[in-house]
Amino acid sequence: MLNSVITAANLQPVKILVMEDKTNLARLAKAANIYHAPLAFIVCADQNTAWKRPFDGKQTTDIDASIVTDHMMLQAEQLGLGSVWICYFRHDVVRKEFNIPDNLEVVNILAVGYADERKAPEKIRKSMEQFAFFERL
């Protein structure tokens, strides 16, 4: 599925660090709650290669990394795995522990494993009318 992911202008600036070694997972846990997952991905995007919108300079690092992360979550679900998108983490710790260069923006962490359904939070969803508007806000 990741082979079909499209990024802005197809520049593919995303870099993914795969963590499955227990030592590296423990190092990652210094920066974020990874929920004891046996597998985690540090999703980064290269600021030197990501597309920039010419009108206002908006760089697509976060968007491109989010597209890739979303596809990874869908693939995990298809494989019967649970995943947690983690954006609440200490960037400085991740950078230091894994020697992330300055040109890479650490966008998120994705923890993957077998979900414990007993601990799943209640799913509260907004109705379609609360976030989709037709023709006007």
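Taken together, the values in this text are just the output of simple stated rules run on the coordinates, not laboratory data. The model shown is predicted, which means the values in this text are computed figures rather than measured ones. Note that we place each Cβ from the backbone using ideal geometry, even for glycine, and neighbour counts take in every protein chain shown.
A few notes on this one:
- Partners for Lys15 among aspartates and glutamates (Cα-Cα distance below 19 Å; same-chain residues under 8 apart left out): Asp46, Asp62, Asp64, Asp70, Asp92, Glu97, Asp102, Glu105
- Amide H to amide H distances under 5 Å link Val14 with Asp46, where only residues 5 or more positions off or on other chains count and H is placed in the peptide plane.
- Beta bridges by DSSP in the chain, antiparallel share as percent, to the nearest 5: 100
- Note on Lys96: lysines with a C-alpha under 16 Å away, same-chain residues under 8 apart excluded, are Lys30.
- For the chain, size of Cβ-based charge dipole, Lys and Arg +1, Asp and Glu -1, in debye: 260
- Note on the chain: Rg/Rh from C-alpha atoms, Kirkwood Rh, equals 1.01.
- Using 0.36 nm per residue and subtracting the Cα-Cα separation, the extra length available between Glu129 and Tyr114 on full extension is 2.1 nm.
- Its DSSP H runs of at least 4 residues, each contributing -39,500 (n - 2.57), put the calculated 222 nm mean residue ellipticity of the chain at -8000 deg cm²/dmol, to the nearest 500.
- When each of the peptides 59-66, 71-78 is scored by the mean number of other C-beta atoms lying within 10 Å of its residues, the order from highest to lowest reads 59-66, 71-78.
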